[in-house]
1. Looking at A:G173, A:G115 in this structure, which one is among the small types (G, A, S), within 14 Å of chain C (Cβ to nearest Cβ) and in contact (Cβ under 8 Å) with a residue 24 or more places away in the chain?
2. Is at least one residue of region B:64-81 within 7 Å of another protein chain (Cβ to nearest Cβ) and β-branched (V, I, T)?
3. Please identify the pairs in which a residue from region A:219-247 that is at positive phi has its Cβ atom under 9 Å from the Cβ atom of a residue that is in a loop (DSSP other than H, G, I, E, B) and of a type in the set (S, T, N, Q), counting only partners at least 6 apart or on another chain.
4. Pick out the one residue from A:G132, A:G115 that is crowded, with 23+ Cβ neighbours inside 10 Å, more than 30 Å from A:H199 (Cα to Cα), under 17 Å from the mean Cα position of the chain (by Cα) and among the small types (G, A, S).
5. With the requirement that a residue be over 18 Å from B:A220 (Cβ atoms), under 18 Å from the mean Cα position of the chain (by Cα) and touching a residue at least 60 places away in the same chain (Cβ under 8 Å), what does region B:123-140 give you?
6. Any idea which residue in region B:279-323 is farthest from B:F267 (Cα to Cα), counting only those that are among the aromatic types (F, W, Y) and surrounded by fewer than 24 Cβ atoms within 10 Å (Cβ to Cβ)?
7. Take the residues of region A:174-188 that are basic (K, R) and within 13 Å of A:E225 (Cβ to Cβ): which is least open to solvent (accessible area, probe 1.4 Å)?
8. Which one is surrounded by the most Cβ atoms within 10 Å (Cβ to Cβ), of the residues in region C:173-196 that are hydroxyl-bearing (S, T, Y) and under 25 Å from A:L127 (Cα atoms)?
Amino acid sequence: MSTGPTGTDSAELSTDQPAAPSPAPNTRTAAPATGSGSTGSTGATGSGPSGAAPGAVQADVAPTAGGNAEIPAGAEGLRLSRISKILGGRTIVDTLDLTVAKGELVCLLGPSGCGKTTTLRMIGGFLQPDKGRLTINGKDFTFAKPEHRPTAMVFQNYALWPHMTVAKNIGFGLKVRKLSAAAIREKVDWALDLLSLTHHRDSMPARISGGEQQRVALARALVLEPEVLLMDEPLSNLDAKLRVSVRETIREIQQRLGITTVFVTHDQEEALSIADRVAVMNNGKIEQLDVPAELYRLPRTSFVAGFVGSMNTLDVAPRDGGVPLADGTVLPCERMSGDAGDAVWIRPEDLVIEPEGAPGSTRAVVLRVIPRGHYREVLLQCHGTTLRSFTDTEPEAEQAVGVRATDALVYADGVLVQQ
Amino acid sequence: MTVLTSQDTSPSPAGPSGSAGDGAGGRNGAGTGARRLRRIGFSALMVSPPVLVVLVFVGIPVVTGIAYALGYTGGPNEMATMLSNSVLRNNGAPTLDVFAKIFDDPLFLKGFWITITVTVVTVVVVTVLAWGIALYARLSGSRWSRILTGIAVVPMFIPVVIGAYAIRNFYLGSGFWGSVWQLLGVQMDPLSYHTSGVIIGQIWTSLPFAVLLISSGVAAVPDALIHAARDAGASMARAVWSVMVPMATVPTVIVATFTGVGVLGSFTVPFMIGATSPTMLGVQMVTTYNAYGLPQDAQAMAVVLFLMAILIGWGYVWAQARQARSSAVMN
Amino acid sequence: MTTVSAGIPSGPATVDTDGELADDTRQLTPAERRRRMLWKVLGALASAVLVLFIVGPLIWLALAAFSDQWTAPRLLPQSWTLDWWKTVLDQPELVESFWRSLQFALIATAVSAAICLPAAYALGRTKFPGRRVVLIGLFATNAFPKMGLYTSIATLFYAMNLMNTGTAIVIVQLLGTIVTMVWIPAAAFASVPPSLLEAARDAGAGPLRTFFSITLRQAIPGIAVALILAFLACFDEAQGTYLVKPGSYSTMPTMMYTLVENYPAQAAAVFAIALTIPSVLLLLAVRKYILGGHLAEGFQIK
């Protein structure tokens, strides 16, 4: 940090600012209570990342429109260019390109072993790329050591130093930078306050709960005023309920401070609800980088489609404006992404259940109804093929119904066919 | 630490990103190799002092000692030879004459068999006792069982010399042993100055290690496995025999081997408690070396002990290999 | 005694695998009750014998140290005195041996630490070819029957003109500490989670700062245990010292060998107790480590 570029347009991230904590109150008022802002963007189709706008301080942070749109050079916070990493003879990260705008939160999403953590560790400096180049706010940091990078990491297991109190943990990096005791105290207090940890100032890490440890880890990273915040599955050790609330806290603070953030997770729901853009990774490559809504609506590859949300996967070529079922009957689809391919995938919510014989529908028999709270998951036997539908209607098992598909995605060799 | 400092510090490769990437790749690859070498070199440097100490003060003595026993009396053995009352020299080729000589000595043979007896009896008794204590603690879980385990570990806190001295006095005719029998009106020989006393002393000093290892082995068997065995209709004894014993085999073997090697090479316990002669080889070696002035004979005895230890050590290696296998399965 | 048992891993306490405990709630047939009674009596007897076997000799020794007149077959001294303590403290050669023991043990421990701790760090924190060979090789020093090894070393010492020198004693004592001093700290260094170090680097600390603030700080308990165990091993070492020092350098433990003949039994008992005190105190300090199962882990090569 101390050696990092200071003359950037991100004023509050500069170490030269002695009273770094001071922007916090301003931003606090600027930020409406929108922990759920990003979640809302899931519903909005095709628009820009609505989540980034409300909390971000800088005007130029939000990437315009679609997921892969070019980010203007000045607004670029982090850039990975053709990065590769080989570990133990295996290519873990394969000529990967990724640009993150200033103040943007990008999730790296993928199954274990897809290279997402390796990528994050290369950004943090814990691994050095075998090929490629890495810049932060325009400066090259490809081979810089972790301590010389303007990045701060929140580790999966938090990595709090067990022999230091919460305040010492948070202040360690400042002490290393030889700040005065008063300055350290001020900044630590700011971080403690930011994450509502003030009452735990002198607690030992082992004495506080998992959620609180998580917040200490975040405070420890934020107090360094990093140019890029890195989070390695920070929520995976929390229970389900806590995960949601901590995730909202993280999002809120990230937006308030406008920190460029890379967040690694294998949980698609987490990724879709927290990120401005999500990069779905597979075999060391980014399969698709997009805003959450687009990612869900138009998964460009069958891997992304299978990884994000659920799908009816019918591995047959489309025919006559629909998809042939096991006995050859064609299930009509209103909108298909293309008309030639080798697989037709349909979201369960795009399979509409209607009364038997409704016009445009195909007959099916209900196999099983699974209540899912505010909707129902229905398994259908439809001309020899088992289909899954999410519906608001309330069919009963063994009832005969009509089924119709609204949208279908057509893939050829695993790639989305678009007209 | 310096492993990390020695890392290639070269920061940004300049130039257009494509070629810079390739260039960096090549350079970085070479850098990795050099760094790796430097790191290995540094580790080697840090590791070398204790390795050297062991090589010089264990490796060399063992090799020259074996050579001495095989009739090589010169070189590093020259000095000891000069101080010896008699040595057997070979004429260039190794000879087993020294071994023939000591195995002709009835005193050595007696000591040899005493050593084997004491070792075998101690290993068996210590292992069984430790298992009994560990099982009692595990199965009853009572406060008393934990106190008992604590008491069994007490000898570890006492220097061996003191323990041996205390045991010697305790089992003397004028000690507790003699007094109790005398008060009961029974004629009973003292156990001190006798092989049975030596065995008692060996058990006493070896027990703590055995109890600690086997207790932790037994404690590591998950409850669920025992419950499952009981659930399947096995009696408690059966559950112990078919679940706990196999799962704690490795610590048991470690206990047996370490106790065995420890007893083989012991001096203090037989010296303090045992008869002057014949007695265990540990004592006979010292007497042969210093009092009789026959270092070469003592050396041959040491080689005999080494060979016995190798037999026992094979058990340890086997247990380690088994451990590695079973943990490979578990992961 | 209770202090010792307090440190025993409490694992078994929570175990309810015991059929007998579980059965307590239901009615027992008379035959069952008899059988359980029999087991209880047998268990109590076995425990009593074990306690007598372990503690008896030590109590007997302690009694002797305070006895004035004690003739067999009495089980307790007839009269008591503290004079033997005075006698022992008045013997310059005995007091001197105590200081000499302390001196040698401290020197040997310090040398051992200087030699072994860097190696422990390298073995615990870095991977390099031959690492396992080194670990096992060092461990092999334990696989030689001690006395066999010492006679071999004595021959070498004669050749090196080290026989009957302080250096020889330090070397012999040092050899007994190497495994402890390498293995326990290596395990301590190895058990520091890498993420703690990465977090420190991430926070801006350089390698040295990270080492002193995190790695070393986390490994200190393990190193302290190794230092104490090594010191005790040196302080209590008797047989090796006895073989290489003939004559001039008598340490406390080696004095015990000859004390038996030269002094009354009561004086020897006093001397023995005096020699035991440092061991007991220091071992009580590390009893959690020893009784907590760490010692057992140390014997498994990873």
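The values are calculated or read from the model by the stated rules, or taken from the named source; none is laboratory data. Bear in mind that the values here come from a model prediction, so they are computed numbers and not experimental data. Here the Cβ is made from the backbone with ideal geometry for all residues, glycine too, and neighbour counts use every protein chain on show. What goes into the accessible areas is simple: the full protein's heavy atoms, side chains included, and nothing from ligands, DNA or RNA. Shrake-Rupley method; radii C 1.70, N 1.55, O 1.52, S 1.80 Å.
1. Details: A:G115 fails: within 14 Å of chain C (Cβ to nearest Cβ).
None of the other options fit; the residue is A:G173.
2. In the first step, residues of region B:64-81 are kept if they are within 7 Å of another protein chain (Cβ to nearest Cβ); the result is B:64-65, B:68, B:76-80.
Add one more test, that the residue is β-branched (V, I, T), and what stays is B:64.
Yes, there is a match, as at least one residue in region B:64-81 is within 7 Å of another protein chain (Cβ to nearest Cβ) and β-branched (V, I, T).
3. Sorted first by the residue in region A:219-247, then by its partner, the pairs are A:E225/A:S14; A:E225/A:T15; A:E225/A:Q17; A:E233/A:Q156.
4. Numbers: A:G132 fails: under 17 Å from the mean Cα position of the chain (by Cα).
Testing whether each residue is crowded, with 23+ Cβ neighbours inside 10 Å, more than 30 Å from A:H199 (Cα to Cα), under 17 Å from the mean Cα position of the chain (by Cα) and among the small types (G, A, S) leaves just A:G115.
5. Listed by number, the residues that qualify are B:V123, B:V125, B:V126.
6. In the first step, residues of region B:279-323 are kept if they are among the aromatic types (F, W, Y); the result is B:289, B:292, B:306, B:314, B:316, B:318.
Right, trim to surrounded by fewer than 24 Cβ atoms within 10 Å (Cβ to Cβ) and you get B:292, B:306, B:314, B:316, B:318.
Working: B:Y292: 17, B:F306: 15, B:W314: 23, B:Y316: 23, B:W318: 28 Å.
Within region B:279-323, the match that is farthest from B:F267 (Cα to Cα) is B:W318.
7. The first filter runs over region A:174-188 and keeps only residues basic (K, R), leaving A:175, A:177-178, A:185, A:187.
Right, trim to within 13 Å of A:E225 (Cβ to Cβ) and you get A:177, A:187.
Numbers: A:R177: 51, A:K187: 17 Å².
Looking at the filtered set, the residue picked out is A:K187.
8. Restricting attention to region C:173-196, the residues satisfying the condition of being hydroxyl-bearing (S, T, Y) are C:177, C:180, C:191, C:195.
Filter once more, keeping what is under 25 Å from A:L127 (Cα atoms): C:191, C:195.
Working: C:S191: 11, C:S195: 18.
Top of the filtered list is C:S195.
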